[in-house]
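Here the structure comes first, spelled out in structure tokens, and everything after it is commentary.
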Amino acid sequence: AGQSLGAFLAPGIFIEVVGDTNDYLGKGLSGGVLAVYPDSKFASKTKATEQQITGNVCLYGATRGEAYVNGVAGERFCVRNSGAIVVVEGVGDHGCEYMTGGRITILGETGRNFGAGMSGGIAFVYSPKKDFAGKCNLELIALEELTTVDVKTLRNDVEKHVALTGSKFGQYILDNLESEIGNFVKVYPKDLKRVIESSIGKPGFRYPVWFPQEHILNTLEESPADFAAKTVKKVVFQQPQAQKSPLVPSQVSSGSIGSVKDIEDLSESNCGSPEEKVGLEINDTGAGLANYQEFVTRRDGSQGPINKLRGFIEYERNPEPYRLPTDRLEDWNEINLPTSARSDIDRKRQAARCMDCGTPFCQTHTGCPINNLIPEFNELVFRDQWKEALDRLLKTNNFPEFTGRVCPAPCEGACVAGLIDQPVTIKNMEYAIIDRAFREGWIVPTPPKYRSGKKVAVVGSGPAGLACADQLNKLGHTVTVYERDDRIGGLLMYGIPNMKLDKGTVQRRVDLMAAEGITFVTSANVGIDPKYEVSKLKAMNDAVVLSVGATKPRDLPVAGRQFKGIHFAMEFLSKNTKTLLDDGTGKLRKWDGSYVTAQGKNVVVIGGGDTGCDAIGTSMRQGCKSLVNLELLPLPPNDRAVGNEWPQWPRIMRVDYGHAEVMAVFGKDPREYSILTEEFLGDADGNVVGIRVVLVEWKQKANGQPGFEKIPGTEKIIPADLVILSMGFLGPDPNIVKGFSLDVDNRSNIKAPYGDFNTSVEGVFACGDCRRGQSLVVWAINEGRGAAEKVSDYVNTKSSASL
């Protein structure tokens, strides 16, 4: 086999190689199993302990999984291994260099400089010549005799090695373990030993999953040699056939460790098994899950112990459901069922689907913009360590209660499980963690211990402004947030309707930030109201951050645009939410002209996206007579199209909550695609009564760009008493730009380079949609956090310069 065979091999995959392999075998191994052994035609002519069968730098950076090599490996074997369990019959120079975890058994010679920089993990090395110490770099490691638990662990590993590779020398070791055990040396990093010994008995202490563990093995009083003589079992290897499926490991006789028939049989005892991760004891029969009590239903309908190693295979995606459309249309409460509706074991089952990928694309630039530590908090939820999961979540995300509700979850679009199945329910897990944290009282105000003496004004209190203010406050700066509306939250408060994000959730976070020392000023129209002149604001603060969003809506300037009853979506949504909040009853008061009503009207929403769906949902709750949603773009495909490959965000057909509600009431999807609005029609009183539209065909132009042409004879008129325009936004309020004398880019956004966030005016920074254009809440948080770092550097540097 060529280079990098089995690189980043995921849990649940077994690769069996008959013959030799090149360099980088199992690089970044992430949970899979590798077995390499020579062809039987040649195996009898050479000794495996003298024949190199794999190249250099094998198992480099492995994090988890198992590898069994019936032969000698080249140089730098298991460098930077942090969790894999490996058996090999000899290694070259620099073996286990910089290793930080895992367990290695070497049944043959080693090269020089073994264990250099090895700070973790355990190695058992066969050295009958007693010359191993002279080949080691002993700066960080100690050489010891094997304990009783070590002997049993060694035996189990070698048994599996023999079962999978047919190792004759491994069989010899098993047959003669009583006499040969004295020829093994245990390589034990000094720092690891000190930490383990000082931590035993302390609350919360857990052994590494690869560590020979007293608490899961029977404690025996015999010496290691006596123990080996009593417990050794002979393994008879059944030679695999060439045509055997590569996904099914070879079987062994019933008189050995048990018939190995599937990958889960290989990995449950020694490779980070679920029972170790949740701290439950197992028996000493080698049956892995014998005493584990949490049984769940697999996707095939069978039941069995919950299994993290094969979770993405055994369990289907089961996202937390919305309330039924007919129920949720009766109120303005959140469409989601409360998190208490799902049990912890259900969430653990979903967390088990996280594959522990070698490269978790969910948290890279193709997935989560704030780089949430997704595999880590999924693992901790699986272990029932919710408070630790919260700690991981808050390291990167200021407001999981917002993103867990309104983010479209690009992380799930980049989930590796989504390549062959449905992605992990990351968004649900995120919200469940933060919701539990608030319920348990883990979230409390934590004001900074020290203040820097620097003042920063943040203009705009949407997600970018709040994230920026939160980070600056944590750094000790005095922060004042100015909001032109009468409530703090910006887009979160008025742009997103209550059924999608409860405003009590937003206010809870605002109150928490206020308790931590942030000052909030509402009804402050900076740059317009003389009370909040730009010059005054700059003079009062060491820096100003603009996070005012992209609030200028894209219009539709066609004939009849002047008719009454045509509104921008944000006007429609914000007035509705304000009325609900002002009344405080959870119901809309009888229409009095203070908000735009869809009650009893034929509603047409032009444009899609989240805002369009929110307009649909709001119209349905107000009691519209009919609803049509017009899209200029063509119908998206059901699956990824060419050019939209993983891990990009999948541009596919979806049914969101608003569409489902229309379908439940009116019996069909409200969306019509490839349709162009040509004219608004009105009555004698100046009210809109309809829209004249025409179908279009999308084609690729000569310049390679997509374009459309009208289809003759497809014109029609759609009745419309209320038209809602949801076609995106074109930058921030021009008055802000003018008030601060800022440069703008070719899209009318405030000109400020990403990563620096400084505008054309000294001491004024910009972040969020006003800088990057209309985007996601999670991108707003990313920009707010990034801007806070640069603003902090600026005010601190400014202070140092003045000194």
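The values are calculated or read from the model by the stated rules, or taken from the named source; none is laboratory data. Keep in mind that what you see is a predicted model, and the values were worked out from it rather than measured. Positions of Cβ are generated from backbone atoms using ideal geometry, with glycine treated the same way; all protein chains shown enter the neighbour counts. Only protein heavy atoms, including side chains, enter the accessible area calculation; ligands, DNA and RNA are left aside. Shrake-Rupley method; radii C 1.70, N 1.55, O 1.52, S 1.80 Å.
Sorting the segments 497-510, 779-792 by their residues' average number of neighbouring beta-carbon atoms within 10 angstrom, most packed first, yields 779-792, 497-510. Label separation (GLN422 vs ALA1): 3.3 nm, computed from points 7 Å beyond Cα along the C-beta direction. Name the shape class, rounded, prolate or oblate, that the alpha-carbon gyration tensor gives for the range 551-631, where a ≥ b ≥ c are the square roots of its eigenvalues, rounded holds for a/c under 1.5, and otherwise prolate holds if a/b is larger than b/c and oblate otherwise. Here the range 551-631 falls in the prolate category. Give the lysines whose C-alpha is closer than 25 Å to that of LYS578, dropping any in the same chain fewer than 8 places away, or say none. By straight Cα distance, LYS578 reaches LYS500, LYS503, LYS531, LYS552, LYS564, LYS587, LYS590, LYS601, LYS625. With R₀ fixed at 60 Å, the C-beta to C-beta distance from PHE666 to LYS129 puts the FRET efficiency at about 0.10. Surface analysis of the chain yields an accessible area of 42 Å² per residue, using protein heavy atoms and a 1.4 Å probe. Taking each DSSP H run with n ≥ 4 as -39500 (n - 2.57) and averaging over every residue of the chain yields -8000 deg cm²/dmol at 222 nm.
For the chain, the longest principal axis of the Cα atoms and the long axis of helix 190-199 meet at an angle of about 70 degrees.
Beta bridges per DSSP, both residues in the chain: antiparallel share near 35 percent. Taking packing as the residue-averaged number of other Cβ atoms within 10 angstrom, the listed peptides 754-765, 53-64, 194-205 run from highest to lowest as 53-64, 754-765, 194-205.
Close Lys pairs in the range 327-462, defined as Cα atoms under 21 Å apart and 8 or more places apart or on different chains, number 6.
Taking packing as the residue-averaged number of other Cβ atoms within 10 angstrom, the listed peptides 426-439, 480-493 run from highest to lowest as 480-493, 426-439. Starting from the Cα gyration tensor of the range 671-745, take the square roots of the eigenvalues, sort them a ≥ b ≥ c, and report rounded, prolate or oblate (rounded when a/c is under 1.5, otherwise prolate if a/b is larger than b/c, else oblate). Taking the square roots of the gyration eigenvalues as a ≥ b ≥ c, the range 671-745 is oblate. Using only Cα atoms, tell me the angle between helix 463-474 and the longest principal axis of the chain; keep it within 0 to 90° and round to the nearest 10. Tilt of helix 463-474: around 60 degrees.
Within the range 680-700, find all residues whose amide N lies under 17 Å from a label point positioned 7 Å from the Cα of LEU556 along Cα-to-beta-carbon. Correct set: 680-683, 687-697.
The modelled label-to-label distance for the pair VAL642/SER343, using points 7 Å beyond Cα in the direction of Cβ, is 4.9 nm.
Rounded to the nearest 0.05, the FRET efficiency derived from the C-beta distance between LYS536 and ILE717 at R0 = 45 Å is 0.25.
In degrees from 0 to 90, rounded to the nearest 10, what is the angle of the helix 777-802 Cα long axis to the longest principal axis of the chain? On a 0 to 90 degree scale, this one is about 90. Here the accessible area of the chain is 51 percent carbon and sulfur, with a 1.4 angstrom probe and all protein chains present. Note on exposure: THR364, THR577 ranked by accessible area (1.4 Å probe, complete protein assembly) read THR364, THR577, with the most exposed listed first.
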